[in-house]
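Input: a single structure, listed below in structure tokens.
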Amino acid sequence: QVQLVESGGGLVQPGGSLRLSCAASGSISDFAAMGWYRQAPGKQRELVARMTNSGTTDYADSVKGRFTISRVNAKNTVTLQMNSLGPEDTAVYYCNADVYYKYYWGQGTQVTVSS
């Protein structure tokens with residue numbers, strides 16, 4: 001069983017930045033991939049960014065050039081740097097671990113972009 005704990009959400013003004021972190025209970029170097037998803041009110045959960053064990057990244061078109069996913073295997077941590085945030089980025093952000101087709105989720109952290 002893998003436990004994921006997100007942190008770093010909050011309220012930010014449009015154009016601002018936030019950095020989300022996800023701490024995993026297991027060794028993320030053994031995971032197939034880790035990623036961030038988000039769910040806005042009334043919408044389905046969607047992929048934001050994902051990084052495989054080999055370092056390959058995948059981003060939603062809406063965040064390319066603004067968000068960056070990174071991982072520190074030694075700390076079993078994945079981060080999501082979010083820049084140039086807009087109201088459309090308001091959502092609950094969830095950390096996800098893909099342990100070779102066993103999927104684990106964090107509890108989510110709220111990101112609100114508003115003036």
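The values are calculated or read from the model by the stated rules, or taken from the named source; none is laboratory data. In this text, all values refer to a predicted model and were calculated from it rather than measured experimentally. Counting neighbours? That spans all protein chains shown, and the Cβs are built from the backbone with ideal geometry, glycine included. These accessible areas exclude ligands, DNA and RNA; they are computed on the full protein's heavy atoms, side chains included. Shrake-Rupley method; radii C 1.70, N 1.55, O 1.52, S 1.80 Å.
For segment 1-16, give me the residue count where each residue is out of contact with any Lys or Arg (no Cβ under 9 Å at 6 or more places or on another chain) and more than 13 Å from TRP105 (Cβ to Cβ).
As a first pass, look at segment 1-16 and keep what is out of contact with any Lys or Arg (no Cβ under 9 Å at 6 or more places or on another chain): 1, 3-7, 9-16.
Remaining after also requiring more than 13 Å from TRP105 (Cβ to Cβ): 7, 9-16.
Of the residues in segment 1-16, 9 are out of contact with any Lys or Arg (no Cβ under 9 Å at 6 or more places or on another chain) and more than 13 Å from TRP105 (Cβ to Cβ).
Exactly one condition in (1) at pLDDT 95 or above; (2) in contact with a strand residue (DSSP E or B) (Cβ under 7 Å, 6 or more places away or on another chain); (3) not polar (S, T, N, Q) is false for ILE28; which is it?
(1)
Quick check on my filter: what residues within segment 67-82 are open to solvent by 40 Å² or more (accessible area, probe 1.4 Å) and within 13 Å of the chain's Cα centre (by Cα)?
THR68, SER70, ARG71, GLN81
Please list, ordered by first then second residue, the pairs with beta carbon atoms under 7 Å, 6 or more apart or interchain, first in segment 27-54 and in contact (Cβ under 8 Å) with a residue 24 or more places away in the chain and more than 20 Å from SER7 (Cβ to Cβ), second of a type in the set (Lys, Arg) and surrounded by 15 or more Cβ atoms within 10 Å (Cβ to Cβ).
Sorted first by the residue in segment 27-54, then by its partner, the pairs are ALA33/ARG50.
Which count do you get for residues in segment 8-44 that are exposed (fewer than 15 other Cβ atoms within 10 Å of the Cβ) and outside any loop (DSSP other than H, G, I, E, B)?
So the answer is 6.
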